1. Could you list, ordered by first residue, the pairs with Cβ atoms under 7 Å in which the first is in segment 6-19 and farther than 17 Å from Gly40 by Cβ and touching a residue at least 40 places away in the same chain (Cβ under 8 Å) and the second is open to solvent by 20 Å² or more (accessible area, probe 1.4 Å) and aliphatic (A, V, I, L, M), at least 6 apart or interchain?
2. Give the number of residues within segment 94-104 that are farther than 21 Å from Val55 by Cα and open to solvent by less than 30 Å² (accessible area, probe 1.4 Å).
3. Can we say Phe30 is touching a residue at least 40 places away in the same chain (Cβ under 8 Å), among the aromatic types (Phe, Trp, Tyr), surrounded by 11 or more Cβ atoms within 10 Å (Cβ to Cβ) and farther than 14 Å from Leu90 by Cβ?
4. Got at least one residue in segment 73-96 being in a helix (DSSP H, G or I), modelled with pLDDT of 95 or more and either of a type in the set (D, E, K, R) or farther than 25 Å from Ser4 by Cβ (or both)?
5. Counting only residues that are of a type in the set (Val, Ile, Thr) and under 15 Å from Tyr100 (Cβ atoms), which one in segment 116-149 is surrounded by the fewest Cβ atoms within 10 Å (Cβ to Cβ)?
Amino acid sequence: MINSDSVFDAVRRGYNELGEASNADIENYFAEINPEAMVGHISNIKGILFELQYVEKLDAVGIHAEVFEAANHPAVDIAIFEGGEVVKELQLKATESVAYVNTTLEQYPDIPIVVTTEVASHFESELIIDSGIEEALLESVVTETLLDEVVNPISPFSVISWFFGLPF
């Protein structure tokens, strides 16, 4: 289970200005964000959280992996080590969009992509790896942590609907 502390860690990693912020400071920061912009923030944080969770998952089975120092490292997101050397680099996509993953495959045809369980079921490529992590869970925990509300994680409009009280 992914907890709210992991979400706060993802925020600290992805937002330099919040690198040393308390959980309450982070909550206050996002309380001031307008609803339209919040959709993008949730997507960004969800992606960073996905990277951190997948590295933890690999560690739990004895595979040493690390995220790159920069949260926006080009082309790849994590490195897998063996004997202190990088043996593989992977992209990670916290999405439920098959089209987005296909576009990434076209851009980087030789780089394996770790995807959410929802997306993995649509591929039979050796380059697509099922993370075992659900996109719906990632979105739900990020949204609940930062908005302090349970919203429908299925629709990208769920955050906007929450702010405006719309029935999505």
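1. The qualifying pairs are Ser6/Leu52; Asp9/Leu52.
2. Looking only at that region, the number is 0.
3. Yes.
4. Taking every residue of segment 73-96 in turn, none turns out to be in a helix (DSSP H, G or I), modelled with pLDDT of 95 or more and either of a type in the set (D, E, K, R) or farther than 25 Å from Ser4 by Cβ (or both).
5. Applying the filter and picking the extreme gives Ile128.
Here's the yes/no breakdown for (1) aliphatic (A, V, I, L, M); (2) out of contact with any helix residue (DSSP H, G or I) (no Cβ under 8 Å at 6 or more places or on another chain):
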| residue | (1), (2) |
| --- | --- |
| Asp25 | no, no |
| Tyr29 | no, no |
| Glu56 | no, yes |
| Val61 | yes, yes |
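The values are calculated or read from the model by the stated rules, or taken from the named source; none is laboratory data. Just so we're clear, the structure is a prediction, and the values are computed from it rather than from any experiment. Reconstructed Cβ throughout: ideal geometry from the backbone, glycine too, with neighbour counts over all protein chains shown. In case anyone asks, the SASA skips ligands and DNA or RNA and just uses the protein heavy atoms, side chains included. Shrake-Rupley method; radii C 1.70, N 1.55, O 1.52, S 1.80 Å.
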